[in-house]
């Protein structure tokens with residue numbers, strides 16, 4: 001993907017199960033090319049803010065809280081793990097969401113993941 005981004009595409013196969021492996025191997029290169037073209041075209045439609053998310057700087061604690069949020073942990077559960085108060089965890093999650101232009105925690109996790117900001 002452009003600028004080191006990544007995306008996923010899902011395909012559906014309907015046919016005899018015995019044909020799946022053979023057909024998958026036969027069409028995987030075409031499917032990959034189609035996915036690249038689609039994502040390149042879609043990327044160009046994103047507004048500048050979305051394309052610039054990879055340049056956002058998240059603190060170590062913001063990234064840590066987002067990683068736990070990505071595992072579906074609540075602020076209370078995260079607070080226990082990192083030994084901080086619930087309001088402190090919420091503050092870190094809200095700060096990260098604001099930096100990412102996200103409307104909620106889920107969107108913040110998705111945007112940070114997409115921009116590879118949560119990679120170790």
Elements of type helices (runs of 4 or more DSSP H) contained in the stretch 56-120, each with 1 or more residues being in the same structural domain as residue 8 (by TED's automatic domain parsing), modelled with pLDDT of 95 or more and closer than 21 Å to residue 8 by Cβ: none
Odd one out for residue 67, checked against (1) in contact with a helix residue (DSSP H, G or I) (Cβ under 7 Å, 6 or more places away or on another chain); (2) closer than 20 Å to residue 55 by Cβ: (1)
Any hit, the stretch 34-44, residues being modelled with pLDDT under 75, assigned to a helix (DSSP H, G or I) and touching a helix residue (DSSP H, G or I) at 6+ places or on another chain (Cβ under 6 Å): yes
Cβ-Cβ under 8 Å pairs, at least 6 apart or on other chains, the stretch 57-72 side closer than 12 Å to residue 100 by Cα, far side in a loop (DSSP other than H, G, I, E, B): 58/117; 63/117; 63/118; 66/58; 66/117; 66/118
Selection count where residues are surrounded by fewer than 22 Cβ atoms within 10 Å (Cβ to Cβ), without any contact (Cβ under 8 Å) to a residue 40 or more places away in the chain and touching a helix residue (DSSP H, G or I) at 6+ places or on another chain (Cβ under 8 Å), scope the stretch 85-105: 9
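The values are calculated or read from the model by the stated rules, or taken from the named source; none is laboratory data. Quantities reported herein were computed from a predicted structural model and do not represent experimental measurements. Glycine also receives a Cβ, built like all others from the backbone with ideal geometry; neighbour counts cover every protein chain displayed.
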